[in-house]
Amino acid sequence: MKQQRRDFLKAAALGVPALSLGSIACAKKTPPPQKSAPPAGGSQPAAAAALPEPPPPPASQPSHWDAVAYNLQRGANGAIPESYMKKIQAADGIQKHLGKHLPYRPQTISAAVPAGFLPVMWGDPAKGFAMHPNAGKSEKNPEGHWYNWIKVAIDGKPDTEIVTKFDNWPQTSSAVNGKLVDAEGKEITAERSKQTVYLAELPKGLSGEVRLRVWAHCLTHGEYLDFLTVTV
Ligand SMILES: [Fe+2]
């Protein structure tokens, strides 16, 4: 509860639309909008279609940016499935669940990164976050567990946004622009799933140090957003 109160105060400091602590803790009583197609043969609950989309992300990084507070607030507003919000709000939920979905650029990567692409991983261990695992499609989870899109824009210039799509894990098809590599240049396997590096297209014409808005969607756990400074 102390963690929730701290995060609520952070959200308030950000100036994002206020929710009561109780409303964050309980989230919504109805499921959030589904972000991807339901499994074959499945049907989408009628109530989900009536729910509003989460608010659009800020074009520019707000002052006093706090990625955890921002994503906690936006998650409660529909960007993160309600069932997962409960895990995020539990003890250690920020480190084990929310932080696990925040993007970061790995310090070192031995795999080849094509020019014009940004290597992205999720859950920076340097910040105490759990690393995000990935999984292919299975009977238990027909969609699989990976990020199916990443949108990268220059901070303050949303028109520069480039969308990179991923249609499978551990390998994408030639139908999409997203590519996956292993952080150490090894084969991507279930055991090494946390070493998967997503290669996202950068806005055109970048050089030197730049601040980017990185907005992405995990098929299983919803949308997350952060601002990163990178040198390209
Ligand atoms: Fe996830």
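The values are calculated or read from the model by the stated rules, or taken from the named source; none is laboratory data. Predicted model, so just to flag it, every value in this text is computed and none were measured. Using ideal geometry, Cβ is built from the backbone for each residue, glycine included, and neighbour counts are taken over all protein chains shown.
Data for the structure
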| quantity | calculated |
| --- | --- |
| Options Leu225, Leu180; residue that is in a strand (DSSP E or B) and under 15 Å from the mean Cα position of the chain (by Cα) | Leu225 |
| Qualifying positions in the stretch 83-102 - within 15 Å of the ligand (Cβ to nearest atom) and of a type outside the set (Lys, Arg) | Ser83, Tyr84, Met85, Ile88, Gly93, Ile94, Gln95, His97, Leu98, Gly99, His101, Leu102 |
| Tabulated pairs, the stretch 144-163, first over 15 Å from Glu201 (Cα atoms) and within 13 Å of the ligand (Cβ to nearest atom), second aromatic (Phe, Trp, Tyr) and part of a strand (DSSP E or B), C-beta under 9 angstrom, 6+ apart or interchain | Trp146/Tyr198 |
| In the stretch 169-199, residue surrounded by the most Cβ atoms within 10 Å (Cβ to Cβ) [restricted to those that are under 21 Å from Gly123 (Cβ atoms) and of a type in the set (S, T, N, Q)] | Thr196 |
| Residue count for the stretch 142-187, restricted to those that are more than 21 Å from Pro106 (Cα to Cα) and of a type in the set (Gly, Ala, Ser) | 5 |
| Members of the stretch 125-142 that are among the small types (Gly, Ala, Ser) and farther than 17 Å from Gln171 by Cα | Ala126, Gly128, Ala130 |
| Scan of the stretch 141-168 for residues that are more than 19 Å from Phe117 (Cα to Cα), surrounded by 15 or more Cβ atoms within 10 Å (Cβ to Cβ) and modelled with pLDDT of 95 or more, ordered by number | Gly144, His145 |
